[in-house]
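S.K.: The structure is given below, and queries will be raised subsequently.
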Amino acid sequence: MPEVDAISVAHADLVSALAQRFEVREVTDEFDEPMVILATALPMGQTLVHLEDIGMEAAGSALVPRGGDRGAVYALYAQGMTP
């Protein structure tokens, strides 16, 4: 499984929850939803555990190209846990 570079969320209010559990390098709005770029890529399993710790879950993932020469990030799309 790839390492996770970023986590995207539907609402900006979820960014603060991510910042409490992950070390954040940057928060960007260059995509449709807010995206938290992690300071260090994390293993998928560790990322999923951290999301669960704050009441969130992964709803999808994708390799997302960034503009210019910044390459791409492997991102999870996170949401609040569903019952």
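The values are calculated or read from the model by the stated rules, or taken from the named source; none is laboratory data. Fair warning: this is a prediction, and the values are worked out from it, not measured in the lab. Side chains included, ligands, DNA and RNA excluded: accessible areas come from the protein's heavy atoms. Shrake-Rupley method; radii C 1.70, N 1.55, O 1.52, S 1.80 Å.
S.K.: How would 37, 54 rank on accessible area, largest to smallest, probe 1.4 Å?
M.R.: 54, 37
S.K.: Here is a follow-up. Taking every DSSP beta bridge with both residues inside the chain, roughly what % is antiparallel (nearest 5)?
M.R.: Bridges in the chain are about 80 percent antiparallel.
S.K.: Here's a follow-up. Give me the accessible area per residue for the chain, probe 1.4 Å, as a whole number in Å². Spell out each step's value before the answer.
M.R.: Details: 4750 Å² over 83 residues.
Accessible surface, normalised per residue, equals 57 Å².
S.K.: Can you send over the carbon and sulfur percentage of the accessible area for the chain, probe radius 1.4 Å, protein chains only?
M.R.: Roughly 51 percent, rounded to a whole number.
S.K.: Okay, next question. Largest first, what is the accessible-area ranking of 50, 11 with a 1.4 Å probe?
M.R.: Result of the area sort, largest leading: 11, 50.
S.K.: Just to confirm the number: angle between the C-alpha axis of helix 44-53 and the first principal axis of the chain, 0 to 90 degrees, nearest 10?
M.R.: 50
S.K.: Ok, one more. Along its principal axes, what span do the Cα atoms of the chain show, with the longest given first and each in whole Å?
M.R.: 39, 27, 21
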